[in-house]
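The values are calculated or read from the model by the stated rules, or taken from the named source; none is laboratory data. Here the structure is a predicted model, which is why all the values come from computation and not from measurement. So basically every Cβ, Gly included, is an ideal-geometry build from the backbone, and we count neighbours across all protein chains shown. Calculation scope for accessible area: heavy atoms of the full protein, side chains included, ligands and nucleic acids excluded. Shrake-Rupley method; radii C 1.70, N 1.55, O 1.52, S 1.80 Å.
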Amino acid sequence: MVILADKQDITRAGMMFLLDQAGQGSWKDAYDKPGLMALLREYNNAVVVLDYTLFDFDSVDEMLIIAERFPKSHWLLFSEELSADFLRMVLTSSNQFSAMMKDSTMGEMRQAISYALRHERFVSQHATQILLSAQPQQETHDDINLTKTEKEILIDIAHGLTTKEIADKRVSSFHTVNTHRKNIFRKLGVNNLHEATKYAIRAGLVDTSEYYI
């Protein structure tokens, strides 16, 4: 079984086409964490095709914990943007994870799916280049231009609020806050809560006495 955990209709349609070509005619859609968990309980050896940046995980640690709970599953991360730190953290955590970028060629996508269906690791050329070309992260972030709203949401993220809690607090939609969150992570060059919180502390947006990082 393949679980498509990607909220972009065009991406899901393309992935369904590739799965059908690969002879995998059975898949299920997961639009949020509860839906994904329910499907994994039913199909504990499923292949999960996931766009982490668009899904409602609160942190990379949460995703890794879920993967650990279902050790027979295999996860094909399929995103437009993933940082080197994120890729390094995930790929070194478990052989359950593969990584492919959405700018991959059709041939590379077919290869990634073929590997994933056999529960074998695949890392695309672009993802490999991200890992190999990564430079040490600068300790100063003065050149990163966050909007006032993005700074406010980053502060809430650093204080441990979930996307839903931030949306409720701001009387906004989950989708709007999730889009802001994605933009914040993209600008900071991070893919998880821990890295974003470290930036917020270094930038003086939150009180360092509250954290032990």
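General observations
- Residue identified as at pLDDT 85 or above, closer than 27 Å to His159 by Cβ and not small (Gly, Ala, Ser) among Leu36, Leu91, Leu40: Leu36
- Enumeration of residues in segment 40-50 that are open to solvent by less than 20 Å² (accessible area, probe 1.4 Å) and either assigned to a loop (DSSP other than H, G, I, E, B) or free of Cβ contacts under 8 Å to residues at least 24 places away in the same chain (or both): Ala46
- Single condition Asn191 does not satisfy, out of (1) surrounded by fewer than 20 Cβ atoms within 10 Å (Cβ to Cβ); (2) not in a helix (DSSP H, G or I): (1)
- Lys164 touching a Phe, Trp or Tyr at 6+ places or on another chain (Cβ under 7 Å), farther than 22 Å from Ser83 by Cβ and either at pLDDT 85 or above or in a loop (DSSP other than H, G, I, E, B) (or both): yes
- The set of residues in segment 51-68 being assigned to a helix (DSSP H, G or I) and either open to solvent by less than 40 Å² (accessible area, probe 1.4 Å) or touching a residue at least 60 places away in the same chain (Cβ under 8 Å) (or both) consists of Tyr52, Thr53, Leu54, Val60, Asp61, Met63, Leu64, Ile66, Ala67.
- Residue count, segment 1-33 (criterion: modelled with pLDDT of 85 or more, assigned to a loop (DSSP other than H, G, I, E, B) and within 17 Å of Ser79 (Cα to Cα)): 3
- Restricting segment 94-122 to residues that are farther than 12 Å from Val47 by Cα and among the small types (Gly, Ala, Ser), the residue that is modelled with the highest pLDDT: Ala99
- Members of segment 160-181 that are surrounded by 15 or more Cβ atoms within 10 Å (Cβ to Cβ) and closer than 26 Å to Arg88 by Cα: Leu161, Thr162, Thr163, Asn178, His180, Arg181
- Within segment 145-159, the only residue that satisfies the criterion of being open to solvent by 70 Å² or more (accessible area, probe 1.4 Å), closer than 28 Å to Ile130 by Cα and of a type outside the set (S, T, N, Q) is Lys151.
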